[in-house]
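Since the structure comes first, as C-alpha cells, the remarks are kept for the end.
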Amino acid sequence: MLMDLSNRSKEFVAAIPHCAALGIHVVDTANAAVTLGLPYDVRLVGDPATGVIAGGAVSVLMDTAAGAAVMAHPDAHGLTATIDLRIDYMRSATPGQRIIARAECHHVTTHVAFVRAFAYDEDETRPVAIANGTFTVIRAQPSGTEA
C-alpha cells in the first residue's frame with residue numbers, strides 16, 4: 001500500500017510541467033508525507049544583487065509538496081487541487097543552496113484535506129517558509145455513476 005501511495009505522489013509531481021521546468025523532484029515519500037527538492041538555479045533568482053531565489057519558486061515548491069502529501073494519504077483516493085494555501089516567509093533562502101519542502105497531510109474529510117509544510121535550505125533549524133493549506137479531495141466515481 002505504501003508503494004502505491006509513493007507512486008501516486010511521484011506521478012503527481014511528474015505530471016506537472018512547471019515542476020520539470022523548475023527541476024522540482026521527489027526526495028522522499030512516506031505515509032501522508034512528501035519531501036521535494038528545488039535545486040539552486042540562477043534562472044530562478046529574484047534579486048540578481050543577492051542571488052536569492054524568487055519567492056514564487058518557493059511557493060510552487062511548497063504548493064506541489066502539499067498536493068503530493070495529499071496524494072500520499074491513504075484516505076485521499078482520487079485527485080486533488082489547492083483550495084487555499086497560506087505561506088509565511090521567515091527569511092531568504094541562502095544563495096547557492098537547494099531548497100527542500102516537507103509536507104504532511106494531517107487530516108482528510110470527505111472532500112477536504114488539511115496540510116502543513118515547511119521549506120528550508122541547508123540550515124534545517126531556520127525555516128525559509130512555513131505553510132498551511134486546504135486541498136480538495138476529488139474522489140473517483142465508480143463506472144456508470146455520475147458525480
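Could you say whether any residue in the stretch 94-102 is of a type in the set (Val, Ile, Thr), over 30 Å from Val42 (Cβ atoms) and touching a helix residue (DSSP H, G or I) at 6+ places or on another chain (Cβ under 7 Å)? So far as the stretch 94-102 goes, no, none of its residues is of a type in the set (Val, Ile, Thr), over 30 Å from Val42 (Cβ atoms) and touching a helix residue (DSSP H, G or I) at 6+ places or on another chain (Cβ under 7 Å).
Every residue, every condition in (1) more than 22 Å from Ala131 (Cα to Cα); (2) surrounded by 14 or more Cβ atoms within 10 Å (Cβ to Cβ), yes or no:
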position	(1), (2)
Asp4	yes, no
Ser9	no, yes
Ile24	no, yes
Asp28	no, no
Ala32	no, yes
Thr35	no, yes
Leu38	no, yes
Asp47	yes, no
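Residues in the stretch 84-110 that are assigned to a loop (DSSP other than H, G, I, E, B) and basic (Lys, Arg) were compared, and the one that is nearest to the chain's Cα centre (by Cα) is Arg98.
As for the stretch 91-105, it holds no residue that is farther than 22 Å from Thr134 by Cα and either touching a His at 6+ places or on another chain (Cβ under 9 Å) or without any contact (Cβ under 8 Å) to a residue 24 or more places away in the chain (or both). Of Asp41, Asp63, all but one fail to be among the charged types (D, E, K, R), in contact (Cβ under 8 Å) with a residue 12 or more places away in the chain, closer than 14 Å to Asp121 by Cα and out of contact with any Cys (no Cβ under 9 Å at 6 or more places or on another chain); the exception is Asp41.
No value in this document is a laboratory result; all are computed from the given coordinates. Model, not experiment: these values are computed from the prediction. Glycine gets a Cβ as well: all are built from the backbone with ideal geometry, and neighbour counts include every protein chain shown.
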